[in-house]
1. Identify the single condition in (1) more than 30 Å from A:Arg27 (Cα to Cα); (2) in a helix (DSSP H, G or I) that B:Gly65 does not satisfy, given that it satisfies every other one.
2. Hey, among the residues in segment A:12-59 that are over 23 Å from B:Arg106 (Cβ atoms) and among the basic types (Lys, Arg), which one's surrounded by the most Cβ atoms within 10 Å (Cβ to Cβ)?
3. Inspect segment B:28-47 for any residue being at pLDDT below 85, closer than 19 Å to B:Ser128 by Cα and more than 14 Å from chain A (Cβ to nearest Cβ) and give the result as yes or no.
4. Output yes when any residue across segment B:77-85 is out of contact with any Phe, Trp or Tyr (no Cβ under 8 Å at 6 or more places or on another chain) and under 22 Å from B:Thr146 (Cα atoms), and no when none is.
5. Which one of these is among the small types (Gly, Ala, Ser) and buried (at least 20 other Cβ atoms within 10 Å of the Cβ): B:Ala27, B:Ala20, B:Ala64?
6. Suppose we filter A:Ala71, A:Ala43, A:Ala56, A:Ala61 for residues that are over 18 Å from B:Ala82 (Cα atoms), modelled with pLDDT of 90 or more and within 14 Å of chain B (Cβ to nearest Cβ); which single one remains?
7. Please determine whether any residue of segment B:99-118 is modelled with pLDDT of 90 or more, crowded, with 19+ Cβ neighbours inside 10 Å and either among the charged types (D, E, K, R) or in a helix (DSSP H, G or I) (or both).
8. For segment B:68-81, does any single residue satisfy the condition of being modelled with pLDDT under 85, of a type in the set (A, V, I, L, M) and within 21 Å of the chain's Cα centre (by Cα)?
Amino acid sequence: MNEATEVAAAASSRDPAVGLAAVAALRRLLESLEALQVANARAQGWSWQQIADALAVSRQAVHKKYRRTVA
Amino acid sequence: MFERFTENARTVVVLAQQDARERGDSAIDTGHLLRALYAVPDNLALMVLEGFSVRRADVEADLAGSAVATPRSSAADADALAALGIDLDEVRRRVEEAFGPGALDRAQEPKRRFLGGHIPFAGEAKKSLELSLREAISLGHNYIGTEHVLLALVRGDGAAHDVLVGRGVRLDVARVMVEELVRGRRAG
């Protein structure tokens, strides 16, 4: 099996260990990107409400999550 | 234990902290200490490194390379994401293009409450400073100089150890060099 078909096999794998690990990795990537983008938005003067609207979550949720890590 | 440090060795610790702060790192690691050795002109550690032909530019490049190669334990994540058709390295590359080196990995670290405040030593760096005392004692020296810090970095674990050993520095040979240098020159 070459590398490409191995990856394809993994993507369609019914093995929970493979599938769940991919979801967990995706979530970590998502969290990192979100933190980066929220920090950037704050640095550019966006309000918590504007950020919340863009993320489609409540203002309270985004503020609670990032007030300690983002100014 | 810092009271036994020579002026140069103290400067190394101070510069390592400065380096960590400027890079936005949350702890002082052995890589910062190694870089700091190169930042103090004309010290005994540099003479030993010179003896092994380990140059500053090479060390900088190796340290930068190791930092990029192992951002957290994301190698497993990269594999898992590859299974979904997502290239984590490419994502990181694009993010860093827009936000600067390390942006993706730094994103979730808590903000530092005191800018310019105290930055702690990482476990391996702390251990290295302890080892520098032991190296000094075993050589019969009653002070800790840059040469002992270097020996400790070679002896301990961490990025500095990997780079130095990778560049051919040997602990036993380095010790002999230190002994000879100290005999011929005051501590540095």
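The values are calculated or read from the model by the stated rules, or taken from the named source; none is laboratory data. The structure displayed is predicted, hence computed values, not measured ones. Here Cβ is always computed from backbone atoms with ideal geometry, including for glycine, and neighbour counts include all displayed protein chains.
1. Failed condition: (1).
2. Only one residue tops the list, namely A:Arg59.
3. no
4. No, because not a single residue in segment B:77-85 is out of contact with any Phe, Trp or Tyr (no Cβ under 8 Å at 6 or more places or on another chain) and under 22 Å from B:Thr146 (Cα atoms).
5. Going through B:Ala27, B:Ala20, B:Ala64 in turn, the sole match is B:Ala20.
6. A:Ala43
7. no
8. Scanning segment B:68-81, I find at least one residue that is modelled with pLDDT under 85, of a type in the set (A, V, I, L, M) and within 21 Å of the chain's Cα centre (by Cα), so the answer is yes.
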